[in-house]
Each structure stands twice: as C-alpha cells, then as structure tokens.
Amino acid sequence: MHSATHQAIAAVWRIESAKIVAAVARMVRDIGVAEELAQDALVAALEHWPTEGIPDKPGAWLMTTAKRRALDQIRRNKLHGEKLEELGLDLEAQEALVVPDFVDALDAARQDDIGDDLLRLIFTACHPVLSPDARAALTLKLLGGLTTHEIARAYLVPEPTIAQRIVRAKRTLSEAKVPYEVPRGAELQPRLASVLEVIYLVFNEGYTATAGADWMRPALAQEALRLARMLAELAAGEAETHGLAALLELQASRMNARTDREGRPILLQDQDRARWDHLLIRRGLAALAQAEALGGGIYTLQAAIAACHARAPTAADTDWARIAAIYFELARIVPSPVVELNRAVAVGMAQGPAAGLEIIDRLRADKALRNYQWLPSVRGDLLSKLGRHAEAREEFLRAAELAGNERERELLLARADASLRGTL
C-alpha cells in the first residue's frame, strides 16, 4: 500500500515540483532556499499521505505546505515585515496567512501568476552567469523534476559531480544577486537564447548520446521536449519558442524508428517511416506554422528542415534542394562549420556526391571539426557513392576512432567494412 502511495507521490512531484519551487522562489527570492522548502513539503507528504491518504488535490496540498514553510522561515528570520514591504505586500503571502487552502480555488488570474513564476524560474536557471553544464543540470533538477541520480545517469558522470554542479550553480546565482525575474526589453533576446540553448542541448544529448552504450536516452529527450512545450506556452509571443518546440516535436517523432530491436542505430534514409509518430509530426508542423507567422529564427529554420523529412512519404521523396537552400540561409545567419557540413550532405543529395565532396574538402582544414566524427563519416559516405571505396573505408575508420558512443562506433565500423566490399 505504502509503495503505491510513494509511487503516486513521486509522480505528483515530477509534475508539480517546478511550479512549487517557482512560486516559493518568488516569495523568498532565492532558488536554493526555495528548493529546500519545496523538498520540506515533499517530506511532509511522505510522512502524512501513507497514513492519511492522498489529498483530492495533491499538487495544491504540496504548494500550500511549501508556502507555509516559506512564511515560517521569513518569520524566524525576523524578516517578515521587511520582506512583505519589499515585495509590495505580496498577495500570495497575504493569502497564505489568512486563507490556508487558497490554492484549492485557483482562478485564471492565479494560473497566470503560476505561468509568470515558471518563466522566472526558467530564465534564472538558464542565466548566462552559469556554465552550459551547470545550466543544464539545474534546469533538469528544478524544471524537469529529475533527481541528481537520474541526471548523473543521463549524462554518464558521477552523481557527486552533478550534485556539485547544482550546488555551485545555486550559490553562483545567489552571490551574483541574479534577479528572479523575466528580462524585459533589450535584455530579453540574449537571455531567451540561453534558455533555448539549454533545452536544445538537453534534447540533443537524449536524441544522440555523446557517450555510453546506448544510441539514445529517450527519457532525457522527453524532458527537453516537455520543457520546450512549457516555454512555448508561457512565452507564446516569441517566435523561437515555437520554433524550438517544432524542431523537437519533429525530431522526436522519429525516435521509435531510430534503433532496431537490439538497440543498433538505423540511419534516416533506412528508417521505417510507418514507425514515425504522426501525432508529434502534426504538433511539430502546427508549431512551425506559428513560429513562421511570428517571424521565425534559427530554430524555426532547423524545424523547416525537419519538416521536409516529415512530409516526405519515402526517403526518395525528400526535397533535398529545399533543405540545401535552408541550410544556406542558416549559414548566412549563424555561420558555423557544422551547419556547412550539414549543407554539404544536402547538396550531395540534391546535386550529386561530387558537389557535396567539394564543400567537405574545404572544411577539412577547419580546426573546429578536427575531432568531429561526422566530418570523416560524411566524407566517407560521399567517397563511397563516387566509387572510391578504399578512401571511404579510411574515412569511416577515422570516424569510428573519434566516436565516443559505442553504438555509433559499431555503426561506423560496419560502414567501413561495407565500403570495402562496395556494398554501402
């Protein structure tokens, strides 16, 4: 019985924790303290619910308990009056004092408050004062509801390392006196870019793992997709929130088809498109249309590329000329050797392998791609299509040496063998 209750508590916590931390952080103006108070509420649930039963509105119970703990702490620190004055007689705090069960009667306006709190939490957790690794860990902890153990397992690093990153991140935010707010005006776009970058980084690690024995880590990708959906809803007027949501929906739609039963990778052109998730495709295309209507940006362009694949009934039907054109536009906005590498793939498919190889050979001198396994991998593919099988094999072997993921390495070694036989 207790086991079932504990499972229910864990499920509620995963869903509600971000809202609770965000709301309490607005009261205490410190993410670290807010998370501790939210954890206190979770402990209280673990103590009371197994014997008293799960409340009708468990999320509201946790929220009320956490806010009461926050107010108790303010009183103990003798800062209650000063804090209320500082926050402009915070309505939330007043209601918690006089209406203990106020959360049970949330109206539309209060739902907007929750949305504002979550936006503040996202922008604070992804503040540029933190390193990308710290931002990702803190975001998954606070907004994804993942445990330190789960984050460590996802990134294949020791749990103490993740714990240290999170502790240091919260300390850095506190010491830097980072305001708990959504930036406005000219400050919004740079900060929004940081938020989007973190969510995309988390998704990419789940979609194609950089190391380890698994080609993908679906749970990590799903958390990033959930965060992208949340951000698109909370910041509905920003084109790139919809652009990122569209990109992740469309990419995630292929996940069921990206591996075989043994977990071995299946490349895009070989995937069974009947296994693609067409609900996610519809969601992605709808988000893309919304992003384009708002002006779009780099994530919207990448989503448009993913849409070309999603709309093609078969690999042969893919509009590679359009994909190459979009990559050209993307390279104009954000020049990058990786974007140029992807453009080479598209050009090779649209105009022939020789045209793609011409772009690739210009990239070989770029230091940024020196240890990037996909450069020799793409070059090997183009050489193989040109019948230069011995050269292709050498490229695939070099790519395998650079690969950090075991499944990826196996795939590249298999392609090296197939190229030697001329069967690629």
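The values are calculated or read from the model by the stated rules, or taken from the named source; none is laboratory data. All figures in this text were calculated on a predicted structure; none of them were measured in a lab. So basically every Cβ, Gly included, is an ideal-geometry build from the backbone, and we count neighbours across all protein chains shown.
When you go through L357, L330 one by one, which is the residue that is modelled with pLDDT of 95 or more, under 25 Å from G387 (Cβ atoms) and in a helix (DSSP H, G or I)?
Values: L330 fails: under 25 Å from G387 (Cβ atoms).
Residue meeting the stated conditions: L357.
Across the range 17-40, a minimum of one residue is classified as in contact with a Gly (Cβ under 7 Å, 6 or more places away or on another chain), in a helix (DSSP H, G or I) and either of a type in the set (A, V, I, L, M) or at pLDDT 90 or above (or both).
Step by step: first the residues of the range 180-220, then only those that are basic (K, R) and farther than 15 Å from T241 by Cβ, then the one that is modelled with the highest pLDDT. Which residue is that? That would be R217. For the range 259-279, a tally of residues being part of a loop (DSSP other than H, G, I, E, B) and within 23 Å of the chain's Cα centre (by Cα) returns 5.
Pick out the one residue from R343, R322, R283 that is in contact (Cβ under 8 Å) with a residue 12 or more places away in the chain, within 30 Å of L420 (Cβ to Cβ) and part of a helix (DSSP H, G or I).
Working: R322 fails: within 30 Å of L420 (Cβ to Cβ); R283 fails: within 30 Å of L420 (Cβ to Cβ).
Checking each option against the conditions leaves just R343.
When the range 213-253 is limited to residues that are among the basic types (K, R) and in contact (Cβ under 8 Å) with a residue 24 or more places away in the chain, the one that is farthest from Q290 (Cα to Cα) turns out to be R217.
If you go through the range 230-249 and keep only what is assigned to a helix (DSSP H, G or I) and hydrophobic (A, V, I, L, M, F, W, C), you end up with M230, L231, A232, L234, A239, L244, A245, A246, L247, L248.
Of all residues in the range 274-286, none satisfies being in contact with a Leu (Cβ under 8 Å, 6 or more places away or on another chain) and either of a type in the set (D, E, K, R) or not assigned by TED's automatic domain parsing to the domain that holds E205 (or both).
P158 falls short on exactly one of the conditions (1) in contact (Cβ under 8 Å) with a residue 40 or more places away in the chain; (2) over 26 Å from V24 (Cα atoms), and that condition is (1).
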